[in-house]
Amino acid sequence: MDSINLSKTEEVEAEEEDIISDENGNEKGNRIEKGKSNNVSKGHVKGISNPVDSENILKSDIHAENGGEGAEDINSAASEIIDTSVKENGNVLGVIKPHNLLPQPEAPAGVAVIVSPGELNRSQSMPESFDMPAIGKFFREKSNSLSSAITKRLSSIRDQFDDEKVMTKSESPHVTEFDLSGLKVIVNLKPPVRKLSGRVSFFSRSNCRDCTAVRSFLRKENLSYVEINVDVYPQREKELIERTGSANVPQIFLNEKLLGGLVALNSLRNSGMLEKKLAEMLAGKCPEDAPAPPVYGFDDDDDYEERNDEMVEVVRVLRQKLPIQDRIMRMKILKNCFSGSELVEILIHHLDCGRKKAVEIGKNLARRHFIHHVFGENEFEDGKHFYRFLEHEPFMPKCYNFRGSTNDNEPKDAAMLGQRLGKIMSALLESYASDDRHHLDYIGISNSEEFRRYTNLVQDLHRVNILTLSADEKLAFFLNLHNAMAIHAVIRVGHPGAMIDRRSFFSDFQYIVGGYSYSLSALKDGILRSNRRAPFSLMRPFPSGDKRLEMAFQKVNPLIHFGLCNATRSSPAVRFFTPQSIESELRYAAREYFQRDDAMQVDLAKRTVYLNRMIKWYNADFGQEKEILNWITGYLDATKAGLLTHLMGDGGPVNIVYSSFDWSLNA
């Protein structure tokens, strides 16, 4: 192995002048000497003969370069170079360099750094002559310093947490608390789920108070359980009656043995015998005759007992024989349409009927929403009027309850569909929402059996007759449909962030209901708000002559705003309503909403009432500001109502400030 001797008399092939500045702004010459690259590879200096002499020489060279100034800095720099060297038997083998992604060590001010030419790597992302401005260097250095400080702080906290696992008696056994740069962080550690050989299962229904109490108890005790909601799985109600002798819920089973309902559970808890009962009945493996858990992906037999529409055979013939093509009318290109006379001719030849009978059949097809006029002007007329099938409507690609073909079965009763929709979504919230319904587990919802059944159910809305609903049934139907669509929209297209994305979220995600398309905005502003303009919008949702105006309410109920959830944190809690008690449920939703601090606050000192900005956006539904305060008083708790009444009754001015709306996702 060849050796390289370091000495003051060593030959120098090339010298480079590098100008550096000290803290005072004085420039000093730094001579970078290049030694003979005899046998030097990748920054390793092999076979240094005398490490002590080389250390002294290095110090003397640096001292000479700096004119004898900064002796202490020079000594520290030299010692640092030696300390970071790899030694073997007193010989220096090489210098260990830090990883290129870690902060690089910097020499003290006024000290030259000797770099081998072979080790000098320049960035490939900028030209070699590029000089970063001073301000860029400043921000880069500050950023590196901040990152390094945060990393060190986190490391120290982690080490301290690993070393000190004993908490004081005043601390909760499941809570760890520590301070991080002025930020207080509390970590709630979930206790492990109790593992049992057997299985706890119970039958339930949606919106059942006793079932909610049983569910909360099992979660509090960290017991894994299987819930069988007979509103989601109607076929299991027969099993419930066979096992218990009645259809009452909840009914709790420990393996195959019936424990009872909420009364039996409370009696065992109060007597202290519950743990013993659980240990005895769940000690063995769950037998096969115990209630079986619901299986994902399998529908009940009742779901397939559907009758085909009486007109479906005629529709199939028309789909095959009609010349469906693009036409031109009123200077517009009409896609996938046919004329009324063409449909009449085919019906006459296929059914061997008269022209008048064929026209009546065409009108019946239009009433059942198999076909529509291209401009929505009439139901059906013989002649050169153009029509198209429902599946060929331009809005169909935006309808997320459409899967390539329309539902040709006999339309189900709208009231029954609305109730089943509300029950399935209520069961979904009971499993995947927080207790206050302000936060939802969208990932869990998307993978659940309840949501799969909901997406199948909404296909029955294609040709449902909404006009058969009563006023309360229609109100509950559209409120529930809006909240369910908002959850579906978050899962399918994601929650919007920017203003433009929000407009697309509320307008482009649509369902086909009763033969027509409805977006979230159309349901809220067009149907529930009597076709009023949305905030910051210049046009009404439905133009004059739109068939959907028949479904719109004639008068606006301001309480609807507290029953609609648009999947944001500032919106009211998500809930689903029943037609039998829709008014009382809406009043309760309003009272619950105004209990939140981000919805309403009163500051007597500043004589100011703070309201959510939603109230300002829809002031046309609530009235003028003074009318709004009088109206709100009836939905406040005793404390807020007293403060507001005192503020409004002393004759002084009252200021109203509208707080910002939090558009973040309620997840």
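Across the stretch 242-398, Cα-Cα distances exceeding 21 Å account for 64% of all pairs. Other residues whose C-beta falls under 14 angstrom from the C-beta of Ile328 contribute a net charge of +4, scoring Lys and Arg +1 and Asp and Glu -1.
Shape annotation for the stretch 467-621: C-alpha extents along the principal axes are 55, 38, 31 Å, from largest to smallest.
With all protein chains kept in place, the per residue accessible area of the stretch 219-287 amounts to 53 square angstrom at a probe of 1.4 angstrom. Of the accessible area of the stretch 424-567, computed with a 1.4 Å probe over protein heavy atoms only, carbon and sulfur atoms account for 51 percent.
Each Lys and Arg contributes +1 and each Asp and Glu -1, all at the Cβ; summed about the Cα centre of the stretch 513-650, the dipole is approximately 340 debye.
Of the listed pairs Lys474/Lys547; Lys423/Lys616; Lys363/Lys384; Lys398/Lys616, which have alpha-carbon separations greater than 21 Å here?
Values: Lys474/Lys547 16 Å; Lys423/Lys616 33 Å; Lys363/Lys384 15 Å; Lys398/Lys616 31 Å.
In this structure, Lys423/Lys616; Lys398/Lys616 exceed 21 Å between Cα atoms.
Averaging Cα coordinates gives a centre for the stretch 350-417 and one for the stretch 515-558; these two points are 23 Å apart. Only the Cβ atoms of Lys and Arg (+1) and of Asp and Glu (-1) were treated as charged; on that basis the dipole of the stretch 347-410 about its Cα centre amounts to roughly 40 debye.
The values are calculated or read from the model by the stated rules, or taken from the named source; none is laboratory data. What you see is a predicted model; the values in this text were computed from it and never measured. Cβ: placed from backbone, ideal geometry, glycine included. Neighbour counts: every protein chain shown. These accessible areas exclude ligands, DNA and RNA; they are computed on the full protein's heavy atoms, side chains included. Shrake-Rupley method; radii C 1.70, N 1.55, O 1.52, S 1.80 Å.
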